[in-house]
Amino acid sequence: MTKTAQELYSERKQRIADVIALKKPDRIPVTASFSFFPARYCGYTFADMMYDPDKIWESMLKVLDDFEPDQAMNPFGSSFKGTLLEILDFRQLQWPGKQ
């Protein structure tokens, strides 16, 4: 029998809650910080990940669907900063797609 999305979510939520409460979970939870992996996995450039929110979102959803981690980081935390860094005239860092 295939589990519903709600059932899978409830299992993951309980798994994480058990670990936080120092209880023994049903299995070891997997937490992923994919960073720029979704770009490589979906055939996008790292510059795409710094400037194109649609490609970031699309690639992250594909990675989450394919790998099914129990928890994942915000995909916009480590990417989609290119325009902001340009506006700030940030010079201490080079990033993909910087002109």
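The values are calculated or read from the model by the stated rules, or taken from the named source; none is laboratory data. None of the values given here were measured: they were computed from a predicted structure. With ideal geometry, Cβ positions are generated from the backbone for all residues, glycine too; neighbour counts draw on all protein chains shown. Calculation scope for accessible area: heavy atoms of the full protein, side chains included, ligands and nucleic acids excluded. Shrake-Rupley method; radii C 1.70, N 1.55, O 1.52, S 1.80 Å.
A few comments on the model shown:
- For the pair residue 6 and residue 33, a Förster radius of 22 Å applied to the C-beta separation gives a FRET efficiency near 0.30, rounded to the nearest 0.05.
- Taking only the C-alpha atoms of the chain, Rg followed by Dmax gives 17.0, 55 Å.
- Remark: the chain carries 74 Å² of accessible area per residue (probe radius 1.4 Å; ligands, DNA and RNA excluded).
- For the stretch 44-99, fraction of C-alpha pairs farther apart than 14 Å, in %: 55 percent
- Reachable lysines, given that their alpha-carbon falls under 22 Å from the alpha-carbon of residue 3 and they are not under 8 places away in the same chain: 13, 62
- Estimated from the Cβ-Cβ distance and a Förster radius of 35 angstrom, the FRET efficiency linking residue 47 and residue 24 is about 0.20.
- A Gaussian network model of the chain, with springs between Cα atoms under 10 Å, assigns the largest mean-square fluctuation among 56, 87, 28 to 87.
- The charge dipole of the chain, taken about its Cα centre with unit charges on the Cβ of Lys, Arg, Asp and Glu (plus for the first two, minus for the last two), comes to roughly 340 debye.
- Taking chymotrypsin sites (Phe, Trp or Tyr not before Pro) across the stretch 11-99, the ones in a DSSP loop with at most 16 further Cβ atoms lying within 10 angstrom of their Cβ are 76, 90.
- Förster radius 35 Å - calculated FRET efficiency between residue 64 and residue 91 (Cβ-Cβ, nearest 0.05): 0.55
- Accessible surface of the chain, 1.4 Å probe, proportion on carbon and sulfur as whole %: 58 percent
- Sparse packing (at most 10 other Cβ atoms within 10 Å of the Cβ) combined with a DSSP loop state is found for the following trypsin sites (Lys or Arg not before Pro) in the stretch 1-84: 3, 23, 27.
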